[in-house]
1. Where the second residue is of a type in the set (S, T, N, Q) and away from the ligand (no atom under 13 Å from the Cβ) and the first is at negative phi and lies in the range 66-83, which pairs have Cβ atoms under 7 Å and are six or more apart or on separate chains?
2. What about His80, is it open to solvent by less than 10 Å² (accessible area, probe 1.4 Å), in a loop (DSSP other than H, G, I, E, B) and within 15 Å of the ligand (Cβ to nearest atom)?
3. Go through Arg249, Arg225 for me and flag whichever is within 26 Å of Ala51 (Cβ to Cβ) and open to solvent by 20 Å² or more (accessible area, probe 1.4 Å).
4. Considering only the range 106-125, I want to know if a residue exists there that is part of a helix (DSSP H, G or I), within 16 Å of the ligand (Cβ to nearest atom) and either aliphatic (A, V, I, L, M) or not assigned by TED's automatic domain parsing to the domain that holds Pro199 (or both).
5. Restricting the search to the range 83-92, which residues are within 12 Å of Val174 (Cα to Cα), touching a strand residue (DSSP E or B) at 6+ places or on another chain (Cβ under 7 Å) and more than 10 Å from the ligand (Cβ to nearest atom)?
6. Is it the case, given these coordinates, that Ala171 is surrounded by 24 or more Cβ atoms within 10 Å (Cβ to Cβ), under 13 Å from Asp115 (Cα atoms), within 16 Å of the ligand (Cβ to nearest atom) and in the same structural domain as Ile72 (by TED's automatic domain parsing)?
7. Considering only residues that are acidic (Asp, Glu) and touching a Leu at 6+ places or on another chain (Cβ under 9 Å), which ones fall in the range 96-131?
8. What tally of residues in the range 128-147 results from selecting those that are of a type in the set (Gly, Ala, Ser) and surrounded by 16 or more Cβ atoms within 10 Å (Cβ to Cβ)?
Amino acid sequence: MTGWTRRGAIGAAGALALGGPALAQTGGTPLRVRRDVAKLPPNDPDLAALARAMRLMNARGDGLSWQTQIDIHATYWGQHGTWRFLPWHRCQIYWFERIVAQLSGKADFAMPYWDWQATGRLAPVFLDPSSPFYHAPRNPNLASFDFVRSREQLWNGDWANVFQGSFNAFAGFVGDSGAVETSGHSYVHVMVGGDMGDPATAPRDPLFFFHHANIDRVWAAWQSRAEARGVIFDDAWLAEPFDMFADERGSNAPTLTTADVRATAMLGYRYDLDYPFQWFDERPPTAPAGKTRRTAVGTKPYRFTLSADPGVGAPLRLPLPADLVALLASDQSQRFQVSGVGHVRTTDMQVAGSAFQIDVQRIRKDGSTDSAPVAFVLPFIGPHPGPATTQPAAAPAMPGMEMSAGPHEHSFLFNVGPEIYDATGKEAAVEIAVTASTRWVKTSTDPAPTISGLELDLTLTEYAWT
Ligand SMILES: [Cu+2]
């Protein structure tokens with residue numbers, strides 16, 4: 001294991017950028033600046049260059065073709081469901097950016113990003129049918145879709161893990177995905193739908209590159225804070241090689257490792273704006289004088305079972321136990337936390353390509369509600385296509401939830417908790433209302449899967465300062 005500090009990373013980056021054969025920039029070249037597409041006029045030079053390159057790439061059949069970008073992503077290289085997710089996609093956008101710069105003649109082209117959290121809306125340049133970045137197969141309701149009805153929802157209620165957790169919790173494990181992949185990333189893929197809803201076809205939609213530039217930006221912003229916190233990165237992750245891309249000549253791009261791409265400056269670019277999430281800077285509750293450690297001193301499980309009508313759309317209201325409500329209402333010092341897992345079940349066996357949408361609402365004593373859904377459960381999209389020899393039997397595609405298939409049913413898990421009680425001083429719920437619905441992400445004439453059961457397992461944890 002190697003710990004590398006902010007200072008160490010920048011020092012190493014300089015050395016590698018000068019010495020690495022694949023990286024053309026020199027110390028004197030200014031960094032390319034990737035900007036927010038929503039703030040660019042339609043005639044912006046980077047957007048115009050991208051449109052020009054798209055036309056040329058679509059007309060080609062060689063390594064510089066658009067189809068090559070689709071094929072590279074459609075092949076399974078362990079780029080989903082593992083810790084290769086972040087560096088692999090950083091490399092794809094990097095080499096794509098170089099191809100666009102080459103074909104468009106705009107040498108300083110920088111791939112714009114789409115910040116789905118900034119406004120919650122798809123940027124207009126994707127919605128106008130006359131725009132080169134419009135893509136007809138997307139979900140038809142995108143013009144009015146709000147991607148951040150709840151900001152927590154995008155991160156599946158798990159922002160503490162996303163932004164304050166360990167390296168692995170954020171970026172993934174050797175054989176499992178991290179929070180950045182399963183939450184905001186997959187959520188956007190699935191909600192955009194159409195080609196974006198399937199890893200085999202996602203780069204057909206130009207939005208793919210804008211979306212992944214934004215994911216890349218989340219990584220860059222997270223990392224600047226993680227390094228300041230002294231997060232330890234794994235040597236095996238830094239050594240992961242990426243050699244499956246096409247360079248700006250359409251030839252096999254030279255191999256880059258995670259270590260070669262671990263800072264955007266090493267690849268010659270930066271983002272115009274760091275990620276302005278307030279929860280990047282969240283801190284644990286303040287310790288009382290003389291105390292330093294907050295530890296769990298007890299837990300109490302609660303289990304609720306709801307039976308759902310087929311295709312339920314109306315909320316199922318669920319009173320919380322009186323002792324739980326009383327405890328939360330009396331909590332003046334962030335002693336308690338509610339967390340839990342929800343299970344939604346279906347006996348329909350054909351679920352690939354569908355979305356399960358779960359909305360857990362908090363209802364307070366005075367009847368007011370927090371109306372934001374906190375868990376949009378993502379669909380299982382199907383195994384990643386690719387050579388059978390390299391595809392693990394259970395390769396998760398874009399895992400938005402855990403899924404287990406019993407003999408006669410599928411069961412999906414989602415996180416609950418902060419919407420009931422988040423210990424930030426908001427009044428606790430006395431009741432929750434759960435709404436569940438399903439729909440197809442891809443067009444299908446079959447009826448959407450029917451929900452046959454819904455359960456919540458809540459755990460109340462009590463903390464003490466020592
Ligand atoms: Cu991908």
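1. Between residues of the range 66-83 that are at negative phi and residues that are of a type in the set (S, T, N, Q) and away from the ligand (no atom under 13 Å from the Cβ), the close pairs are Trp66/Asn58; Tyr76/Thr390; Tyr76/Gln391.
2. On the way: open to solvent by less than 10 Å² (accessible area, probe 1.4 Å): yes; in a loop (DSSP other than H, G, I, E, B): yes; within 15 Å of the ligand (Cβ to nearest atom): yes.
It is true that His80 is open to solvent by less than 10 Å² (accessible area, probe 1.4 Å), in a loop (DSSP other than H, G, I, E, B) and within 15 Å of the ligand (Cβ to nearest atom).
3. Of the residues listed, the single one that is within 26 Å of Ala51 (Cβ to Cβ) and open to solvent by 20 Å² or more (accessible area, probe 1.4 Å) is Arg249.
4. no
5. Listed by number, the list holds a single entry, Trp83.
6. no
7. Just the residues of the range 96-131 that are acidic (Asp, Glu), to begin with: 97, 108, 115, 128.
Answer for the range 96-131, where residues must be acidic (Asp, Glu) and touching a Leu at 6+ places or on another chain (Cβ under 9 Å): Glu97, Asp115.
8. From the range 128-147, those of a type in the set (Gly, Ala, Ser) are 130-131, 136, 143-144; that's our starting set.
Checking which are surrounded by 16 or more Cβ atoms within 10 Å (Cβ to Cβ) leaves us with 131.
Result for the range 128-147: 1.
The values are calculated or read from the model by the stated rules, or taken from the named source; none is laboratory data. These numbers were taken from a predicted model, which means no experiment stands behind them. Positions of Cβ are backbone-derived with ideal geometry, glycine not excepted, and every protein chain shown enters the neighbour counts. Side chains included, ligands, DNA and RNA excluded: accessible areas come from the protein's heavy atoms. Shrake-Rupley method; radii C 1.70, N 1.55, O 1.52, S 1.80 Å.
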